[in-house]
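A.B. asks: Below is a structure I'd like to ask you about.
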Amino acid sequence: MLTEILSIIGSSEWINTSQLFELLIRFGFNAIICSIIITLYYNFSKNKEYLFTFFAFNTSIFFMVYMMNSVDLGVGFGFGLFAVFSILRYRTTTVQIKEMTYLFMVITIAVINAIITDKFSYAELIFVNIILVILTYILEKLMRRQTLSVYNIVYEKIENITPEKREVLEDDLRERTGLNIIGIKIVNIDFLRDVANIKLYYKAEEEDFS
């Protein structure tokens, strides 16, 4: 009995060593790239809510596409798969655009790393993944530098909101708030209470993620 079991395990129908090795290599590489992308997301957003979702989607899509490699699905399958996930929405919560973009990225990475074809080499596969990681990092850094924070205040010195006292208003707000104010927008003026609702645009101190 033991001999028969070992014979079955060793047969090509039970296990294909080369295919198993291929799967482990591809899955390991995919997991590393996905972890880097998700780490970038967390470092810049400090949001843990979607980490499980990103890892789960990436892993699930990777194995699904890898197992379907033996089936001739054609280009239509690829476009159909991306179309389904590009319009994906959760009924229980609203997913922000940035989170949806990262979700699409981890799905894309899984599909790219799972597809087996002789039309491109491993060097091309590695190059594509590295480009995606670098692009994500650069875009995050650029967005962080260019995005201004907004602060709403009620301002009582209504005499300073006139155009000719613009500099006086900006200097007063900088001194009182301690913010690096880039722009000021007067939302509305309440002459009955002698106050104005003002929106301050300022550049927050950038955290060091290096």
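A.B. asks: Going by C-beta contacts inside 10 Å, put Tyr41, Tyr155, Tyr137 in order with the fewest on the left. Walk me through the numbers on the way to the answer.
C.D. replies: Details: Tyr41 23, Tyr155 19, Tyr137 16.
Ordered by Cβ neighbours within 10 Å, fewest first: Tyr137, Tyr155, Tyr41.
A.B. asks: May I pose another question? Just rank Lys185, Lys165, Lys119, fewest to most, by other beta-carbon atoms within 10 angstrom.
C.D. replies: Values: Lys185 11, Lys165 14, Lys119 6.
The order, fewest Cβ neighbours first, is Lys119, Lys185, Lys165.
A.B. asks: Arranged by the count of other C-beta atoms within 10 angstrom, fewest first, what order do Glu140, Glu22, Glu49, Glu164 take? Spell out each step's value before the answer.
C.D. replies: On the way: Glu140 17, Glu22 14, Glu49 10, Glu164 7.
Final ranking by Cβ density, sparse to dense: Glu164, Glu49, Glu22, Glu140.
A.B. asks: Label points 7 Å out from Cα along the Cβ direction at Ile97 and Ser60: separation in nm?
C.D. replies: The answer from the label model is 2.6 nm.
A.B. asks: Then there's this: Filter the cross-link list Lys48/Lys185; Lys48/Lys203; Lys98/Lys203; Lys98/Lys165; Lys98/Lys157; Lys98/Lys185 down to pairs whose alpha-carbon distance in this structure exceeds 31 Å.
C.D. replies: Details: Lys48/Lys185 34 Å; Lys48/Lys203 25 Å; Lys98/Lys203 21 Å; Lys98/Lys165 39 Å; Lys98/Lys157 39 Å; Lys98/Lys185 27 Å.
Checking Cα-Cα distances, Lys48/Lys185; Lys98/Lys165; Lys98/Lys157 exceed 31 Å.
Every read-out reported here was derived from the displayed coordinates using simple, explicitly stated rules and does not represent laboratory data. No experiment lies behind these values; they were computed from the predicted model shown. Because the Cβ atoms are built from the backbone with ideal geometry, glycine has one as well, and the counts that use them run over all protein chains shown.
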